[in-house]
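Student: I'd like to ask some things about the structure below.
The values are calculated or read from the model by the stated rules, or taken from the named source; none is laboratory data. This structure is a prediction, so every number in the text was calculated from the model and none was measured. Every residue, glycine among them, receives a Cβ derived from its backbone with ideal geometry; neighbour counts consider all protein chains shown. Only protein heavy atoms, including side chains, enter the accessible area calculation; ligands, DNA and RNA are left aside. Shrake-Rupley method; radii C 1.70, N 1.55, O 1.52, S 1.80 Å.
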Amino acid sequence: MAFPGIPNPQEVGIPAPPEEASELLRAALKPLVDPVDASLHAVLEYGRLLMAANTVTNLTGAKDWTTLIEAHILDCVLAAKFIPSEATSFFDWGCGGGLPGLVWAGIFPERHFHLCERNKKKAGFLEEAAASMEFMHVDVHPTQGEESIRSVDPRANLLVARAVEPLPKFLRRLYRPTVPRMDIFLMAGPSWERDWEQNEELEENWHLRKVDRYLLGADRGDRFTLQLRRRNR
């Protein structure tokens, strides 16, 4: 089924975000941008569009502002502190409903974002949301990652992903010769370390260049960003 379109948020009863959750985002954005207001507005507008679209098609399990911000949007904002400064063009593999791609696009208007999502309804939302927010620095690719990454022009210099699939399975997919070599930036939960240690082929094939940890909240625990580069064989 095709994406039915984003309904008017007011008409479907999307309330204003709670002040406490908005202030969490404001505090998280301060190390990234100055002034904060434009980025905060863009990120909250994305959340508003996502929640409105979610009333007509299932894009995310987060049904309220607090869950969406604290479990998802804040996660992307906190992870953005560790993005390599030299990354100027991103390929978001499996962008889903826009995490992290559309959140980061709201924070970094000077960088370019290629959002890859094979699910047609989710890709339709990404296209409509990017157009609604007038994100001229965003392109949406409604295909498999392996297909679209070979045709991206200009070619992205950082591949990013958030919780696409288990780490060993995902890295095996990226190790295929059909996938161009580029630096990898992954957002992961605590299980990544166990997966890494229990799969010798990962260390044989990948150089784990940098690991950063951040706390998503007392109730949500630690999250990690992993920066990897494929080894020469």
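Student: Exactly one condition in (1) in contact with an Asp or Glu (Cβ under 9 Å, 6 or more places away or on another chain); (2) over 23 Å from Gly124 (Cα atoms) is false for Glu19; which is it?
Tutor: Here Glu19 clears every test but (1).
Student: Now for a different question. Any idea which residue in region 85-99 is farthest from Ala130 (Cα to Cα), counting only those that are in contact (Cβ under 8 Å) with a residue 40 or more places away in the chain, open to solvent by 20 Å² or more (accessible area, probe 1.4 Å) and more than 9 Å from the chain's Cα centre (by Cα)?
Tutor: Ranking the qualifying residues of region 85-99, first place goes to Glu86.
Student: Any idea which residue in region 58-84 is most open to solvent (accessible area, probe 1.4 Å), counting only those that are in a loop (DSSP other than H, G, I, E, B) and free of Cβ contacts under 8 Å to residues at least 24 places away in the same chain?
Tutor: Pass one, region 58-84, residues in a loop (DSSP other than H, G, I, E, B): 58-64, 83-84.
Now narrow it down to the ones that are free of Cβ contacts under 8 Å to residues at least 24 places away in the same chain: 58, 61-64.
Numbers: Asn58: 111, Gly61: 67, Ala62: 4, Lys63: 131, Asp64: 66 Å².
Applying the filter and picking the extreme gives Lys63.
Student: I would also like to ask the following. Do the conditions hold for Gln227, that is, is it among the polar types (S, T, N, Q) and either closer than 28 Å to Ala38 by Cα or in contact with a Phe, Trp or Tyr (Cβ under 9 Å, 6 or more places away or on another chain) (or both)?
Tutor: Taking the combined requirement at face value, the residue satisfies it.
Student: For region 17-32, check the following and say yes or no: at least one residue is in contact with a Cys (Cβ under 9 Å, 6 or more places away or on another chain), within 16 Å of Ala80 (Cα to Cα), in contact (Cβ under 8 Å) with a residue 60 or more places away in the chain and buried (at least 16 other Cβ atoms within 10 Å of the Cβ).
Tutor: No - not one qualifying residue is present in region 17-32.
Student: Suppose we filter Leu115, Leu102 for residues that are surrounded by 24 or more Cβ atoms within 10 Å (Cβ to Cβ) and assigned to a helix (DSSP H, G or I); which single one remains?
Tutor: Exactly one of Leu115, Leu102 is surrounded by 24 or more Cβ atoms within 10 Å (Cβ to Cβ) and assigned to a helix (DSSP H, G or I), namely Leu102.
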